[in-house]
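> Once you've had a glance at the structure underneath, I'll fire off some questions.
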Amino acid sequence: MAQKSPSVLRMLCRGLIRRCAHCGEPGAFFISWFKTQDRCRGCKLLWQRNTQGFVLGALAINFVLTGRLILS
Ligand SMILES: [Zn+2]
């Protein structure tokens, strides 16, 4: 039986506190604030999708928020 996927809101909240979005394992992907590992320690979810532009959304959001903070 397949495990039910968590809601989008729950996944975002888990990401904000550095937990795995899928299983909620604390510190699952992050070795430190700036270093990640390939798979979750709890559910073995692959972090990198190996597609170009995968981190582009995160970089764009980071760029906009940083620019907004500097200019405000
Ligand atoms: Zn996980």
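Derivation of every value follows stated rules applied to the coordinates shown; laboratory data play no part. Given the structure is predicted, the values throughout are model-derived calculations rather than measurements. Here the Cβ positions follow ideal geometry from the backbone for every residue, glycine too, while neighbour counts run over all protein chains shown.
> Based solely on its DSSP helices, what 222 nm [θ] is calculated for the chain when runs of n ≥ 4 H residues each add -39,500 (n - 2.57) and the sum is averaged over all residues, nearest 500 deg cm²/dmol?
-11000 deg cm²/dmol
> Tell me, what ³J(HN,Hα) does each residue in region 54-70 have, in order and in whole Hz, if you take phi through Karplus 6.51 cos²θ - 1.76 cosθ + 1.60 with θ = phi - 60° and put x for Gly and Pro?
These are the phi-based 3J(HN,Hα) values: 4, 8, 4, x, 5, 5, 5, 5, 4, 4, 5, 5, 5, x, 5, 5, 5 Hz.
> Please list the equivalent ellipsoid semi-axes of the chain, computed as the square roots of five times the alpha-carbon gyration tensor eigenvalues, in descending order and whole angstrom.
Equivalent-ellipsoid dimensions as semi-axes: 25, 14, 13 Å.
> If we sort 63-72, 21-30 on the protection proxy, mean other Cβ atoms within 10 Å, highest first, what's the order?
Output ranking for 63-72, 21-30: 21-30, 63-72.
> Continuing with the same structure: Suppose every Lys and Arg Cβ carries +1 and every Asp and Glu Cβ carries -1, with no other charges. What dipole size does the chain come out with about its Cα centre, to the nearest 20 debye?
Dipole about the Cα centre, nearest 20: 180 debye.
> Which one, Ala21, Leu65, Cys43, projects farthest toward the positive side of the charge dipole computed for the chain from Cβ point charges (K/R +1, D/E -1)?
About the Cα centre, the residue reaching furthest to the positive side is Cys43.
> Provide the gained length on full extension for the span Ala60 to Lys4, in nm with one decimal, where the gain is 0.36 nm per separating residue minus the Cα-Cα distance.
17.2 nm
> Can I ask one more? Using modelled amide H (1.01 Å from N, peptide plane; none on Pro or chain starts), what sits under 5 Å from the amide H of Arg39, excluding residues fewer than 5 places away?
Trp47
> Right, another one. Can you work out the Karplus-derived ³J(HN,Hα) for every residue in region 37-42? Use 6.51 cos²θ - 1.76 cosθ + 1.60 with θ = phi - 60°, whole Hz, and x for glycine or proline.
Karplus-based 3J(HN,Hα) across region 37-42 equals 10, 6, 10, 5, 6, x Hz.
> Return Arg19, Arg10 ranked ascending by Cβ neighbour count within 10 Å, so the fewest neighbours appear first.
Ranked by crowding around the Cβ, least crowded first: Arg10, Arg19.
> For Cys13 and Thr36, calculate 0.36 nm times their separation in residues minus their Cα-Cα distance, and state this gained length in nm to one decimal. Can you show the working numbers first?
On the way: separation 23, 0.36 × 23 = 8.28 nm, distance 1.82 nm.
Full extension from Cys13 to Thr36 adds 6.5 nm.
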